[in-house]
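Only one structure is covered here, and it is reproduced in the block below.
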Amino acid sequence: MSSLAYFLSKDTVDHFNTVIKPAVYLSMFYFFTNPRSSFADNYLVLFCLVYCVTGTAYAFAIIFESGIAQLCSILLPVVLTLVGTQPKNSEFMKILAKFCYPNRVLEAFIIANAERYNGVWLITRCGFLLKNGYDLRDWNLCIFILILIGIISRVIAFLCMVTFQRK
């Protein structure tokens, strides 16, 4: 069997989990938090998040041994969140923060919630978005970047699988 066929079959089978996990999470917690954003918006953001992190998990599982791969899968979001929440004094930090997927997830959730505000809350919403550098028009960009990170990490995982000849 070709390596590409093997990798794509494993990835395709795992798409069932990618579709189900956000739905299970939202079915449990959506109604407790009572967000202003729609169930569909929240589902799409979580779906893209799961797609993104499973791609990076594939790469870690292929490159490292089991325990180290799990540790890397836990530490990466923590480190990226810390990097993304640092003051953006330099241009390098601004660019780096834009490609940290935890920041894009947070931005997508905030924008999805902010679009539903009206009245007095509209002024507060605009101030918060401006303070954090968010733009209501960037929701699609956030979703695109999450999917792109998922695709790029899968390509890296496949190349590592071929290079290291692991399955």
Task: Cα-based Lys proximity count in the chain, under 15 Å, for pairs eight or more positions apart or on separate chains - done: 4
TODO: With the full set of protein chains in place, find how many percent of the accessible area of the stretch 1-84 is carbon and sulfur; take the probe as 1.4 Å.
DONE: 74 percent
Open item on the list: Quick check on the chain: helices-only [θ] at 222 nm, where DSSP H runs of length 4 and up contribute -39,500 (n - 2.57) each and the sum goes over total residues. Nearest 500, please.
Closed with: -28000 deg cm²/dmol
Open item on the list: What is the sum of charges, Lys and Arg at +1 and Asp and Glu at -1, for the other residues whose Cβ falls under 13 Å from the Cβ of ILE143?
Closed with: -1
Task: Solvent-accessible area per residue for the stretch 1-160 (1.4 angstrom probe, square angstrom) - done: 61 Å²
Task: Cubic angstrom per residue, convex hull over Cα atoms of the chain - done: 128 Å³
Task: Selection from PHE92, GLY150, VAL19, by position along the positive dipole direction of the chain (Cβ) - done: PHE92
TODO: Go ahead and set up a Gaussian network model of the chain, Cα springs under 10 Å, then flag whichever of PHE47, PHE31, PHE64 fluctuates most.
DONE: PHE31
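The values are calculated or read from the model by the stated rules, or taken from the named source; none is laboratory data. This is a predicted model, so every value here is computed, not measured. Quick reminder, even Gly has a Cβ in these numbers, built from the backbone with ideal geometry, and neighbours come from all protein chains shown. With ligands, DNA and RNA removed, areas are computed over all heavy atoms of the protein, side chains included. Shrake-Rupley method; radii C 1.70, N 1.55, O 1.52, S 1.80 Å.
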